[in-house]
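Have a look at the structure below before the remarks.
The values are calculated or read from the model by the stated rules, or taken from the named source; none is laboratory data. Quick caveat, the model's predicted, so the values are computed rather than measured. For neighbour counting, all protein chains shown are included, and Cβ atoms are generated from backbone atoms with ideal geometry for every residue, glycine included. When the accessible area is computed, the model is the full protein with side chains, heavy atoms only, and any ligands, DNA or RNA have been set aside. Shrake-Rupley method; radii C 1.70, N 1.55, O 1.52, S 1.80 Å.
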Amino acid sequence: MHPSNRDSVTRFHIGSDHGGVTLRRVLVDLLQASGHQVASITGPEGATESVDYPDVAVAVCRRVVDDPGALGLLVCGSGQGMAMTANRLPGIRAALLADVASARLAREHNDANVICLGERVLGVEVAKELLHAFLRASFQGGRHQRRVDKVMAAGEG
């Protein structure tokens, strides 16, 4: 997955709980090998070191918000907990990815800035495909911008 004309070098803030350590490592290696920058990694060194996914999600998402243009990648057992936590934070549009079309559309239509993956529900190759599809897509703006603005405003009141 080398950056092509449609891919650009992106900074990532990455995190996982104990349920996502193995997949996190694979995806960090993949991003670095592809020329993307891994700006930070949050989470345990090994799968036996239990941590709470909300703590990881909050730390990573705060970095994403504070680093314009950066994206976040969160991994836990199912991806659900990370996505639920991430989407509670202002400025975050997190997408739980399970198929290539959703990965692409999360970027093109929803301008997702954080992706969430589940190590226990995705195979490594599928996770790689999802990350690749997300990276190759770009926000389309237009009518989608109006909708993203409404999503972001919904959390303000």
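Table for the structure above
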{"read-out": "Within the accessible area of region 56-118 (1.4 Å probe), percent carbon and sulfur", "value": "52 percent"}
{"read-out": "Positive-pole candidate from Val38, Gly77, Ala94, dipole of the chain, charges at beta carbon", "value": "Ala94"}
{"read-out": "Global geometry of the chain, whether rounded, prolate or oblate, following the gyration tensor of its Cα atoms and the 1.5 cut on a/c", "value": "oblate"}
{"read-out": "Taking region 93-136 and dividing mean pair separation by its residue count, relative contact order in percent (alpha carbons under 8 Å, at least six apart)", "value": "50 percent"}
{"read-out": "Relative contact order (%) - criterion: Cα under 8 Å, at least six apart; region: the chain", "value": "23 percent"}
{"read-out": "In nm, spacing of pseudo-spin labels at Ala101 and Ile41 (7 Å Cα→C-beta vector)", "value": "3.5 nm"}
{"read-out": "Most fluctuating residue given options Ser34, Ser78, Ser138, as computed from a GNM of the chain linking Cα atoms under 10 Å", "value": "Ser34"}
{"read-out": "Rounded FRET efficiency, nearest 0.05, which uses the C-beta distance separating Gln32 from His109 and R0 of 30 Å", "value": "0.60"}
{"read-out": "Prolate/oblate/rounded label for region 67-130 (Cα gyration tensor, a/c 1.5)", "value": "oblate"}
{"read-out": "For region 1-75, alpha-carbon Rg over 2.2 N^0.38 Å", "value": "1.10"}
{"read-out": "Accessible surface, per residue, of region 10-157 when the full set of protein chains is kept, probe 1.4 Å, Å²", "value": "48 Å²"}
